[in-house]
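Here is the structure we will look at, set down as structure tokens.
The values are calculated or read from the model by the stated rules, or taken from the named source; none is laboratory data. Computed from a predicted model, the values in this text were never measured in an experiment. Cβ sites come from the backbone with ideal geometry, for glycine too, and all protein chains shown count toward neighbours.
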Amino acid sequence: MLRRTAALFASAFALAGVLVGTAALAPAMAQEPKRGGILRMYQRDNPPSASIHEGATFSVNAPFMGLYNNLVMYDHAKELDSFDTIIPELATKWAWGDGGKSLTFTLQPGVKWHDGKPFTAADVKCTFDLVQGKKEDKLRTNPRRSLYDNVLDVVPNGDHEVTLKLGRPQPSLLNLLASGYTPMYPCHVNAAGMRTRPIGTGPFKLAEFKQNEMIRLTRNTEYWKPGRPYLDGVEMPIITNRSTAMLAFISGKLDLTFPTEVTQQVLRDLRTQAPKAICHMGPVNVSTNLIVNRDKPPFDNADLRRAMALSLDRKAFNTIIAEGEASVGGTMLPQPQGVWGMPKEMLESIAGYGPDIAANRAEARKLMEKHGYGPGKRLAVKISTRNIAAYRDPAVILIDHLKEIYIDGELEIVETGVWFGKVARKDYAVGLNLTGNSVDDPDQSFFENYSCKSERNVTGYCNPELEKMFEAQSMETDLEKRKRMVWEIDRQLQEDVARPIILHNHSGTCWHPEVVGFRMANNASYNRYRFEDVWLNR
């Protein structure tokens, strides 16, 4: 059973979350839930589609997670997303076998898709076949395909049991399956249909998806979980200007801000203008990072990539963007909020992460001069980034830092519908990127962002020997040994300038007291938007 396997890792997730706000967070179920009402949450930009398996952004899974269910999920009432908080959803129970190389799920009986067709084990197989690219019907983008390379086969046993056959033991597979990015899809709806007319088993159905204007979800009256959802629906106007959105929240036109859009500066305004609002501020497991196309001259030159990494003043980024509240780390969420982040002394031993910025930049200029650049010959380059504030603001700071090493950056703003495809095609030279991790586990971060064949490996970094270490740490059940393996992998990724991490962001989500039953996790930010337990006390 999962619980016995999870015990191997449980202590690694005893981390302290950071919860602050403008009001105390009352117990979600202190009174009998009320039924009815529409939850109003703005969207910060236009989602490219409603297909979560094709998305790599909040803009897809936050509005549409309520349409779907997973085999397992994280308990939304708990502070952490971890092994200890995984609960059944479409699966009633699960068991490991074959020395950890098989995982069998018993499925909920009587579950129906929104169109009335039954959910069965065949749909589980179809979902994995789609994500693994085994079907003739293909996803337009497939950002998480590499996460499931270890799943060799999915074998239904009747309608209500299914076994995943693995190439090697992988206890963390349960974490991946509990992510908000891992819903089950139906066999009978093709990939194109799931983009605009998605069919799920979840608590809500799609009522309207009007590009650049509005998304509306309506209550699934035939939902298989008795008594859920409490809400009649969720209404999400698309508001691209953060100031406009916050004014709408302050005035009461919105019940909930878009996840993690509240900065330290915005929080001060909310404390004054909406003092009763409840705000969750803390780590979101999203890093701001520098991406460099390693295949595109002149950045196929390792010296130039290293020079850019050395130019970064992370303290300045932190002060300007987050008023010093963000965290500095490598690939994994830093300690103490994260489990797997490198110790401070190890991190600061890596080139570019030490505190002597002047020395770092002097070394960077020597590397640039070695290749003919200098005050009289500067390198002009476009700095590409996504057209939302969380990307644009640090991109401006990046351009200022690169000037110190003879690089003149020109900001290139890219709309969300284009951004993810652009970087996946490596149609850029240098970029300022945000990378979100749906779970605090190395399997998700390493395989999704750095494995050679992953679509999300947007810099083209490929180290087959290091990838063998990805697999080795994935199988390791000794927590302390696994941590040391993870630290060494992370150190190598930073030394190789695979994707220099600038900051691990701390930001917030706010809601009015009338919203009951909603809670953000303290170590992840992509998994809490089912909304089936949320109700409105008004």
**OP:** Test Ala62 against the criterion of being assigned to a loop (DSSP other than H, G, I, E, B) and either among the aliphatic types (A, V, I, L, M) or crowded, with 24+ Cβ neighbours inside 10 Å (or both), and give yes or no.
**Re:** no
Original post:
Of the residues Leu231, Leu254, which single one is in the same structural domain as Gly55 (by TED's automatic domain parsing), touching a residue at least 12 places away in the same chain (Cβ under 8 Å) and either in a strand (DSSP E or B) or crowded, with 22+ Cβ neighbours inside 10 Å (or both)?
Top reply: Leu231
Subject >> Yes/no for Glu261 being under 27 Å from Asn437 (Cβ atoms) and acidic (Asp, Glu) >> reply: yes
Original post:
Looking at this structure, is Gly180 at pLDDT 95 or above and either within 21 Å of the chain's Cα centre (by Cα) or of a type in the set (Lys, Arg) (or both)?
Top reply: yes
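Quick grid of which residues meet (1) out of contact with any strand residue (DSSP E or B) (no Cβ under 9 Å at 6 or more places or on another chain); (2) touching a residue at least 12 places away in the same chain (Cβ under 8 Å):
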| position | (1), (2) |
| --- | --- |
| Lys468 | yes, no |
| Glu480 | yes, no |
| Ile489 | yes, yes |
| Ala498 | yes, yes |
| His506 | no, yes |
| Cys510 | no, yes |
| Val515 | no, yes |
| Asn523 | no, yes |
Subject >> Inter-residue pairs, beta-carbon under 8 Å, first over 26 Å from Val458 (Cα atoms) and in segment 367-391, second at pLDDT below 95 and part of a loop (DSSP other than H, G, I, E, B), 6+ apart >> reply: none
Original post:
Which pairs have Cβ atoms under 7 Å, sit 6 or more apart or on different chains, and link a residue in segment 330-358 that is in contact (Cβ under 8 Å) with a residue 40 or more places away in the chain to one that is of a type in the set (Ser, Thr, Tyr) and in a helix (DSSP H, G or I)?
Top reply: Thr331/Ser445; Met332/Ser445
**OP:** Being among the β-branched types (Val, Ile, Thr) and assigned to a helix (DSSP H, G or I) is the filter; apply it to segment 473-510 and report the residue that is surrounded by the fewest Cβ atoms within 10 Å (Cβ to Cβ).
**Re:** Ile489
**OP:** Identify all residues within segment 163-178 that are assigned to a strand (DSSP E or B) and within 15 Å of Ser474 (Cα to Cα); write none if there are none.
**Re:** Leu166
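Yes/no per residue for (1) assigned to a loop (DSSP other than H, G, I, E, B); (2) free of Cβ contacts under 8 Å to residues at least 24 places away in the same chain:
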| site | (1), (2) |
| --- | --- |
| Gly421 | no, no |
| Val439 | yes, no |
| Phe447 | no, no |
| Cys462 | yes, yes |
Original post:
Are any residues in segment 423-437 touching a residue at least 60 places away in the same chain (Cβ under 8 Å) and more than 27 Å from Leu479 (Cα to Cα), and if so, which ones?
Top reply: Val423, Ala424, Lys426, Tyr428, Ala429, Val430, Gly431, Leu432, Asn433, Leu434
Original post:
Would it be correct to say that Asn220 is closer than 30 Å to Leu493 by Cα and either touching a residue at least 24 places away in the same chain (Cβ under 8 Å) or in contact with a Ser or Thr (Cβ under 7 Å, 6 or more places away or on another chain) (or both)?
Top reply: no
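Just one of Asn212, Asn157, Asn175, Asn190 is polar (S, T, N, Q), surrounded by 22 or more Cβ atoms within 10 Å (Cβ to Cβ) and out of contact with any His (no Cβ under 9 Å at 6 or more places or on another chain); which is it?
From the options Asn212, Asn157, Asn175, Asn190, the qualifying one is Asn175.
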**OP:** Please go through segment 126-151 and pick out each residue that is of a type in the set (Ser, Thr, Tyr) and not in a helix (DSSP H, G or I).
**Re:** Thr141
